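Just so you know, all these numbers are worked out from the coordinates, no wet-lab data involved. Given the structure is predicted, the values throughout are model-derived calculations rather than measurements.
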Amino acid sequence: MSEDEAWVAGRGVWKFKADRALSQNEVQIINATGTVLAVARITGISKFGDRYALEGELLRGDPRVGRPTPSPHLSRNPVTYI
């Protein structure tokens, strides 16, 4: 999966706390084993009923991609806010 594909798949549409996401600078899209698939700078959110999607600038080529996340979060939602 490319960084672009991971960003499209991971950015939403999900149930999450919008204020928590907006209080952070970046988001990591990670897989089930904790490997970073994409990193993006958070610029906002879009609302879809009771769910949200992150808006942001994908940081293509970020050195964290392909490495274990330094911020593990055991969740069924593969998104970590940093």
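Below are the figures for this structure:
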read-out: Net lengthening on full extension, Phe48/Ser71 (0.36 nm per residue, minus Cα-Cα); value: 5.5 nm
read-out: Cα shape, the chain, gyration tensor, a/c 1.5 rule; value: prolate
